[in-house]
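The values are calculated or read from the model by the stated rules, or taken from the named source; none is laboratory data. The structure presented is a predicted model; accordingly, all values stated were derived computationally and were not measured. Please note: Cβ atoms are built from the backbone with ideal geometry, for glycine as well, and neighbour counts cover all protein chains shown.
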Amino acid sequence: MLKLISDRYIKPLLFLTFAAKFNNMSKQTFTMIKPDATGKGHTGAILDQIVKAGFSIKAMKWIKLTEEQAGLFYDIHRARPFFQELVDFMISGPIVAAVLEKDNAVADFRTLIGATNPAQADEGTIRKIFAASIGENAIHGSDSDENAIIEADFFFSKLERF
Ligand code: ATP
Ligand code: MG
């Protein structure tokens, strides 16, 4: 009897579990408002632009990273010549970390923030409006669904997401 139940329900259940996980993945991204933007008092205006673009906030915190945390977050850039400059900048003031939700979240958020170098960012993007240089570029956005999950888990426990 138990075997019958498991044969009948376990596969659809497993499928639904994976489908839900995959579906959720493409709906969420992770962001940080960087120290240049928080320091210039742009936090409210940037959050307003994010919410008006259709993203909802699933988790958020205002914190100052340690050197170790900033280095770990940008570990992929450790060998780059700008790594220490990037870490020093990221610990120079508080950041706002957040998990955001919207269909096609990762790609749509990268469009909203614009190119890494604000000089090349499209008009109306967050980096075009608020960033001063490629190093101090106001905001971070995850570059893939996989990294969005890793980055959100780096900052938030399950209890901190709603
Ligand atoms: P982020 O990951 O912060 O969203 P990004 O994905 O647009 O930015 P990356 O290539 O991942 O760009 O670079 C990470 C960060 O490192 C950039 O946002 C920027 O702050 C810094 N950075 C990148 N290239 C340079 C550079 N040539 N000089 C100084 N800083 C740089
Ligand atoms: Mg990046």
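List of remarks:
- The listed residues are A79, A115, and the only one of them that is out of contact with any Leu (no Cβ under 7 Å at 6 or more places or on another chain), without any contact (Cβ under 8 Å) to a residue 12 or more places away in the chain, within 16 Å of ligand 2 (Cβ to nearest atom) and of a type in the set (G, A, S) turns out to be A79.
- When the criteria are applied in full, G141 meets the requirement of being touching a residue at least 12 places away in the same chain (Cβ under 8 Å), closer than 20 Å to S157 by Cα and within 16 Å of ligand 2 (Cβ to nearest atom).
- Extreme residue, farthest from ligand 1 (Cβ to nearest atom), among residues of region 119-146 that are more than 18 Å from T43 (Cβ to Cβ) and surrounded by 16 or more Cβ atoms within 10 Å (Cβ to Cβ): D145
- If the condition is being under 15 Å from F55 (Cβ atoms), outside any strand (DSSP E or B) and not hydroxyl-bearing (S, T, Y), then region 119-144 contributes only I126.
- Only residues that are assigned to a loop (DSSP other than H, G, I, E, B) and either within 11 Å of ligand 1 (Cβ to nearest atom) or among the hydrophobic types (A, V, I, L, M, F, W, C) (or both) were counted across region 103-118, and they come to 4.
- Inclusion of D88 among residues that are part of a helix (DSSP H, G or I), over 15 Å from the mean Cα position of the chain (by Cα), at pLDDT 95 or above and within 16 Å of F130 (Cα to Cα) is not warranted.
- So F83, is it more than 19 Å from A148 (Cα to Cα), within 16 Å of ligand 1 (Cβ to nearest atom) and either in contact with a helix residue (DSSP H, G or I) (Cβ under 9 Å, 6 or more places away or on another chain) or at pLDDT below 95 (or both): yes
- Count of region 85-116 residues, restricted to those that are more than 26 Å from Q49 (Cβ to Cβ) and in contact with a Gly (Cβ under 9 Å, 6 or more places away or on another chain), is 2.
- Residue count for region 1-59, restricted to those that are at pLDDT below 95, outside any helix (DSSP H, G or I) and farther than 17 Å from A148 by Cβ: 1.
- Listed conditions (1) within 16 Å of the chain's Cα centre (by Cα); (2) surrounded by fewer than 18 Cβ atoms within 10 Å (Cβ to Cβ); (3) without any contact (Cβ under 8 Å) to a residue 40 or more places away in the chain are all met by G54, apart from (3).
- Residues in region 147-162 that are closer than 21 Å to Q49 by Cα and buried (at least 20 other Cβ atoms within 10 Å of the Cβ): A148, A152.
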